[in-house]
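Every number in this text was worked out from the coordinates using simple rules, so none of it is lab data. In this text the structure is predicted, and so the values were computed from the model without any measurement. In this analysis, Cβ positions are derived from the backbone assuming ideal geometry, glycine residues included, and neighbour counts consider all displayed protein chains.
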Amino acid sequence: MPENVAWGLQALGRLIGVRKQLVLTDVQVNDYVRKLQGQALENTRVVRKEHVQSLEKKAVAKTIVPYPIRAVPAESTSCPKCGGEMVKRTNRKTGGTFWGCSKFSKCRGARKTA
Ligand SMILES: [Zn+2]
């Protein structure tokens, strides 16, 4: 790891501790602090919620689908055991999805989702 990169607060403290050269004057530091505080959001529940929603919207907008979602073959819509209709279900333990027979629990027919 480069010497100016720290992992964890203790390492960061050591990294800062060895720096003795003054880079900014007190006046400059106070100026930056004032500028940063001027831009800080008000720390209220409503403002935090709006901020998070805004970030989520931006994240969704940037999300790129890495590969086209494959079309589900028509055969997946019928149960391999009884020929009944299949519905998309979620495995509660793994979170994975699969096609399960709509007549569950009388029929336990299932298919993997494509
Ligand atoms: Zn079935």
Inter-label distance for residue 26 and residue 82, nm, one decimal - labels placed 7 Å from Cα along Cα-to-Cβ: 8.2
Over the chain, the sum of -39500 (n - 2.57) across DSSP H runs of at least four, divided by residue number and rounded to 500 deg cm²/dmol, gives at 222 nm -11500 deg cm²/dmol
On Cα atoms only, tilt of 45-62 relative to the major axis of the chain in degrees: 60
Which whole-angstrom value gives the distance between the alpha carbon centres of the range 81-114 and the range 1-59? 49
Along the chain, longest interval not containing exposed GluC sites (Glu not before Pro), exposed being DSSP loop plus at most 15 other Cβ atoms within 10 Å: 43-114
Once normalised by the length of the chain, the mean sequence separation of its alpha carbon contacts under 8 Å that are 6 or more apart gives a contact order in percent of 15
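Computed over the Cα atoms of the range 9-62, what is the ratio Rg over Rh, Rh following Kirkwood?
Rounded to two decimals, Rg over Rh is 1.18.
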Can you pull a Stokes-Einstein diffusion coefficient for the chain at 10 °C (1.306 mPa s), Rh from Kirkwood over Cα pairs, as a whole number of µm²/s? 76
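Can you tell me the length gained on complete extension of the stretch residue 7 to residue 40, counting 0.36 nm per residue apart and subtracting the Cα distance?
Numbers: separation 33, 0.36 × 33 = 11.88 nm, distance 2.58 nm.
Between residue 7 and residue 40, full extension yields 9.3 nm more.
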List the longest stretch of the chain that has no exposed loop site; here a site is one of the trypsin sites (Lys or Arg not before Pro) assigned by DSSP to anything other than H, G, I, E or B, with at most 13 other Cβ within 10 Å. 21-69
How far, in nm, would the chain grow between residue 58 and residue 19 when pulled straight, counting 0.36 nm per residue and subtracting the alpha carbon separation? 10.3 nm
